1. Checking Gly359 against (1) at pLDDT 85 or above; (2) closer than 27 Å to Thr63 by Cβ: exactly one of these is not met. Which one?
2. Name, by its number, the condition in (1) of a type outside the set (Ser, Thr, Tyr); (2) under 22 Å from Pro65 (Cβ atoms); (3) in contact (Cβ under 8 Å) with a residue 24 or more places away in the chain that does not hold for Val397.
3. Could you grab me the full set of residues in segment 308-351 that are farther than 30 Å from Glu80 by Cβ and not in a helix (DSSP H, G or I)?
4. Residues to consider are Leu89, Leu78, Leu123, Leu136; find the one that is surrounded by fewer than 22 Cβ atoms within 10 Å (Cβ to Cβ), over 19 Å from the mean Cα position of the chain (by Cα) and part of a helix (DSSP H, G or I).
5. List the number of the failed condition for Val257; all other conditions in (1) surrounded by fewer than 24 Cβ atoms within 10 Å (Cβ to Cβ); (2) not in a helix (DSSP H, G or I) hold.
6. Under 9 Å between Cβ atoms, which residue pairs at least 6 apart in sequence (or on different chains) link something in segment 319-332 that is closer than 14 Å to Gly150 by Cβ and without any contact (Cβ under 8 Å) to a residue 40 or more places away in the chain with a partner that is of a type in the set (Asp, Glu) and assigned to a loop (DSSP other than H, G, I, E, B)?
7. Quick check: is even one residue across segment 205-223 buried (at least 24 other Cβ atoms within 10 Å of the Cβ), closer than 25 Å to Gly151 by Cβ, in contact with a Gly (Cβ under 6 Å, 6 or more places away or on another chain) and not hydroxyl-bearing (Ser, Thr, Tyr)?
8. Within segment 263-273, is there a residue that is touching a Phe, Trp or Tyr at 6+ places or on another chain (Cβ under 6 Å) and farther than 30 Å from Lys198 by Cβ?
Amino acid sequence: MATAVPELEKHGISLHMLGVICGLTAGVWLGAAEAPTKLVNAGFSPFAISLCMVAGVFTARWTFPTLLKGTSYVFADLAEKKHLIVWALLAGALWAVANTLTVFAIRDVGLAVAFPMWNANSLIGLFWGRVLFRELEGASGKNVAKVVVGGITIVIAAVMLGFSTLHGGAMGQHAVRGIAAALGASLMWGTMYVPYRKAYLSGMNPLSFVTAFTVGELGTVFALTLALDGGIHSPAFKLFHMPGVLFWLFLGGFVWVIGDLFQQFAAKYLGIGRGIPLSNTNQLWGLAWGALVFGELATADRQHMLLVIGGSLLMILGALAISTAVASAKEHSSTNEAVLRECERYGLDYNRTILAQAGDEFSGRSERKRWWDYVIVLAATGVFVVLGVRAVVPPLVMDLRWVAALSVVLALSLVAGGWSLYRRTRFS
């Protein structure tokens, strides 16, 4: 049986290393994306925050696939694998429910406590990857230990980092409800990776997948708002008439999209057992935004600072362990068998699917841009420009110097991750 990964150095970088770069880049961007949800502390409804963020997500998720591949490519990919559209819609629905739960969790127990709890999704993803897609089957004991121990270490580190910013009185009166929301989000997000992996074993491009995905998430959060937050009189719709605040929530959705796209490429090239824990290093970056921008460690004592240092080191070690767990030939063979199973089930061409699953699909589909592609990109850009011009600084205390510094880190990671994807797979 053919190997699932062609020549490792064919395009200058191995697929394993590409997945690692994507996973770590995802962590940087996903860590920054939750900062705007702190607006719940200013009295906005969690449903309003979630709906406005998802509206930003919807806008950005249609923009990037159109900009990078064109709608002709995306819809041709979807047409070839129609059975995956419903899986993408399901994944989007799970994401929307999880995202709404995180807003409730942040409101009730704070970002620092909620973040590590929902980041346990990596362990749920590891379980599903092994049970449903034979991930780690055929791997050496050393590699299994690296992935499993590395994933657990990252979760433990996330808990330590979360409690590093927890001080007396930080828990609200609805702490149990907040913790339940965070754990529910973890379950939703951990299960959401099942459609991810199913799509990529079938050779679907992540950019195509998220195009359908975003329809599921926007529809779900809209339905949740109508059903549970006052129907058409929901405060969420009033927030759309507050462009000064709306821009920041759209921006949060935009940042999340970039992080999630890199996370999806990591899941494609590493599997969910390796890729998702790496993207969950976002806890380090979430702490950086919380502590440096919002001053969450301003009154920290020595014990809390030791948690920061220890948690940070543990997370780095966990990420390093997973990054060095390169899949063996036997593990690739198990992946091939999972691909073959999907091909037989849905009538896909095995050889084409193997190439697409490994990012080698440079000549099978047109990427020529149409006039409407440019209209889509310009319209989406126009939405952000209009909202940005009318934006006002949120009613939160922030250190703008650290906002600028962390924004530079975001830009550098985007360049590194984007260039690596383009060089190795042309975003395939």
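The values are calculated or read from the model by the stated rules, or taken from the named source; none is laboratory data. Since the model is a prediction, treat every value here as computed from it, not as a measurement. Cβ atoms come from the backbone with ideal geometry, glycine included; neighbour counts cover every protein chain shown.
1. The one condition Gly359 does not meet is (1).
2. With respect to (1) of a type outside the set (Ser, Thr, Tyr); (2) under 22 Å from Pro65 (Cβ atoms); (3) in contact (Cβ under 8 Å) with a residue 24 or more places away in the chain, Val397 is out only on (2).
3. Listed by number, the residues that qualify are Thr324, Ala325, Val326, Ser328.
4. Just a single option satisfies the conditions, and that option is Leu78.
5. (2)
6. Matching pairs, first to second residue: none at all.
7. The answer is yes; a qualifying residue exists.
8. Checking segment 263-273: not a single residue is touching a Phe, Trp or Tyr at 6+ places or on another chain (Cβ under 6 Å) and farther than 30 Å from Lys198 by Cβ.
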